[in-house]
Structures are given as structure tokens and as C-alpha cells.
1. Mind putting a number on the dipole of region 35-97 about its Cα centre? Charges go on the C-beta only, +1 for Lys and Arg and -1 for Asp and Glu, and I need it in Debye to the nearest 20.
2. So which of 101/147; 303/324; 302/324; 40/324; 44/303 end up more than 23 Å apart, counting from Cα to Cα?
3. Determine one quarter of the surface area of the Cα convex hull of region 1-110, which equals its mean projected area, and express it in nm² to one decimal.
4. Can you list residues whose amide H is under 5 Å from residue 86's amide H, if they're 5+ apart or on another chain and H is modeled 1.01 Å from N?
5. Charges only on Cβ, +1 for Lys and Arg, -1 for Asp and Glu: so what's the dipole of the chain about the Cα centre, in debye to the nearest 20?
6. Label 7 Å along Cα→Cβ of residue 51; region 14-36 residues with amide nitrogen under 17 Å?
7. Measure off 7 Å from each Cα along the Cα-to-Cβ vector at residue 215 and residue 67, then give the distance between these two points in nanometres to one decimal.
8. Can you give me the % of accessible surface on the chain that is carbon or sulfur? Probe 1.4 Å, all protein chains present, nothing else counted.
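The values are calculated or read from the model by the stated rules, or taken from the named source; none is laboratory data. This is a predicted model, so every value here is computed, not measured. Backbone-built Cβ (ideal geometry, glycine too); neighbour counts: all protein chains shown. Side chains are part of the model used for accessible areas, which takes the heavy atoms of the whole protein and leaves out ligands, DNA and RNA. Shrake-Rupley method; radii C 1.70, N 1.55, O 1.52, S 1.80 Å.
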Amino acid sequence: MVRYTALKGLYDLEKTIGSGGFAKVKLATHVATGEKVAIKIMEKTTLGEDLPRVKLEVEALKTLLHQHICRLYQVIETENHYFMVLEYCSGGELFDHIVEKNRLPEIEARRFFCQIISAVAYMHNLGYAHRDLKPENVLLDKEENLKLIDFGLCAKPKMGMQAHLYTSCGSPTYAAPELIMGKKYLGSEVDIWSMGVLLYALLCGFLPFDDNSLENLYKKILSGKYEEPYWLSHDSKALIKSMLQVDPVKRITIHELCHHPWITSNSLKPVVFIHKTKFEKDDEVLSTMSAICGESNTDIWKKLMRSDRTDYRTATYLLLLDRKLRGLSLKIATKSHLKPEMNGTS
Ligand SMILES: Cn1cc(Br)cc1C(=O)Nc1[nH]nc2c1CN(C(=O)N[C@H](CN1CCCC1)c1ccccc1)C21CC1
């Protein structure tokens, strides 16, 4: 087990739960609260030109505070590594959930899809496009709520969501026609297309466009033609069709999606996105923290508000708040070594 001194006393590393190109994700325990977290570890040397993606992802996640977007608790940078301490989702990938159930009944698919719409509508409203929406980037927490992850490719165009993007990114299977054609595209529109592919996967258990050869896959995507299995309801077919429109101008918008009959059927109210862009002050959580670091609630809160929201104090506050929102007792380790960290800026 590699020892990372930067984490000593703050997080106890456990097993590796994911490893990708330039990063690996390990399960860990936040020492002060005993809460599980997932730490994305990146070596600066192997990052190379991907370094800006880390900064992009950190800035995006610091802004995006939403119940269906995986929360960033802390960022630790050392000479050779970046550590992103993120929310642990113990339900695994949505992808595996669909595979093990073969396909989801419409009711369950709708519940999941409303959560995705809520997160994406919230992001678009704040000027962010994800651009890499796919089942592997949608995780489940222990209550089977969805969490979006992997914002390394997300874009926040300077001129807002009407500005055109050019970088081709994300995996082709879920990529919109205009994106694989290398045309200029709108982040919001490519996200809608990817959500159409996601909805199709939820309801059908397989992908609308799939082929071993990249060239045939591109042809299928550009044709916009896909199978409609017999079990799809009329409304499901209509919704998928409105999202998988090859011409982005004809594609449904996120606003229309929130009010679509398939979404609001069974008297489900239209999807709203909560404008949570800052922490709410919670005195019970602050008191729990002040008990160990000897500072007053107001002092802790002031330091929190002045910080860049990615230090150990922020992680402790957010994890205690999560525990409280889950109806659990607020406990905190009494180990003295916590004191300097809590008072320090790290
Ligand atoms: C798969 N799985 C099964 C269980 Br049980 C828990 C998990 C799990 O991954 N949980 C989990 N909680 N929080 C996270 C994760 C995974 N995870 C991730 O960020 N996982 C992504 C997965 N991407 C999907 C497509 C390419 C890579 C990742 C990114 C870089 C390197 C490795 C993995 C975070 C940190 C946000």
C-alpha cells in the first residue's frame, strides 16, 4: 500500500474502487467523522496535458452543489499528486444496475431519469455542460439515488451556453452527430442527445447505436435510426425520438424535457432544479465541530466562508451535514491530532 503522507491522520485509505487512464479512485475513511469517501488520486507526471482537466473539474464541482451531483469535499495538492476527496457512492454504476436487471420497468426508469434531468438542468442553468454523460458516469448511492461524476470534460463556455464548442470529446457511443462530425455544437444540445441514449439504455437494456467498427457506429449515429423494441410505450418512444434528433435544432430542450408528459405522468410534478450554490449554515453541525477544536460556531463558520471550500474543515462540515441529513447522530473523533488540522488552513 503506497503511503501518502499528505493524507496521514486525515484519511485512512482502503481498497481501489476504480482505475482509469490518468487517475485511480480509492475508498477511504474520513478520520474525524468515520464517514466513507472516495479519493481520486492523480500523479502530476502522468497527467501531463490533462492537468487543466483537473482544474476544470475542481472548479466545476466547487460550484455545482446538487443532490444528484457527486460532492467534492476536499482537494489536496502535493508536489507530485492531486487528491480529490469526493462523495462515496456505494451503489456502484447505473450501468451495472441496468445489466443485472436486464432492463428497467418504466416506473423505475422514470425515477432515475428525473434525477438525471434535475442535475443536468441545474448544470445548464449555471452555464455548465457535462459533455460526457454515459451510464458509467452515473453512480448510485446507498439509497439508490443517482450521482453524476467525471466532470473533467465539462465545459463552461466563457460566452455562456449559447457559445459554440468545438473540442470533440466523450465516448462516441453516446456522442451526438454534430459532435462526431466535428461541427460546432452547443454543450446543452449534446447533453440532451447523451441523455436520450441513457434513457434508451434504461428502458431497453441495450444501446440505440452500437457497432464494433467505429466507422459503422458513426454511420448509425448520423442516420439517427435505431430499433424500437415492442415493450416501449408510446410516450417513451415519443420522448426518445425527441431527444435523438440528428438535427440539434429539432432536439427537445432541457426546459421542454422538464415538462414532458412522460416525465410528469403519474402526477409527477415537473422536474425543478434547486438553486443551491452555497452552504446552508447548520448550528448543530458547527457545535459538534466546535466541541473538538475549541472555536466558537461563528469563528468556524467565518473561517469556512473565507476558505476556498476545499480544506479539511470544509470536508468535516459537509460530511457531518450529510450524516445529519441522513438522520444519523453527529459524532466526531476526539483524537487530539485533529486539533492542528482543524485550526490549520489545510
Ligand atoms: C464502481 N463502484 C462499485 C461500488 Br460498491 C462503488 C463504486 C464506485 O466507483 N463508487 C464511487 N464513489 N465515488 C466515486 C466512485 C467512483 N468515482 C469515480 O470518479 N470513478 C470514475 C469512473 N469513470 C467512469 C468512466 C471512466 C472512469 C473514475 C475516474 C478516474 C479513474 C477511475 C475511476 C468516484 C469519485 C467519484
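1. 180
2. Where the Cα-Cα span goes over 23 Å, the pairs concerned are 40/324; 44/303.
3. 8.7
4. HN-HN under 5 Å from residue 86: 38, 39, 40, 73.
5. 560
6. Within reach of a label on residue 51: 22-23.
7. Going by the 7 Å Cα→Cβ label model, 5.0 nm.
8. Ligands and nucleic acids excluded, carbon and sulfur reach 54 percent.
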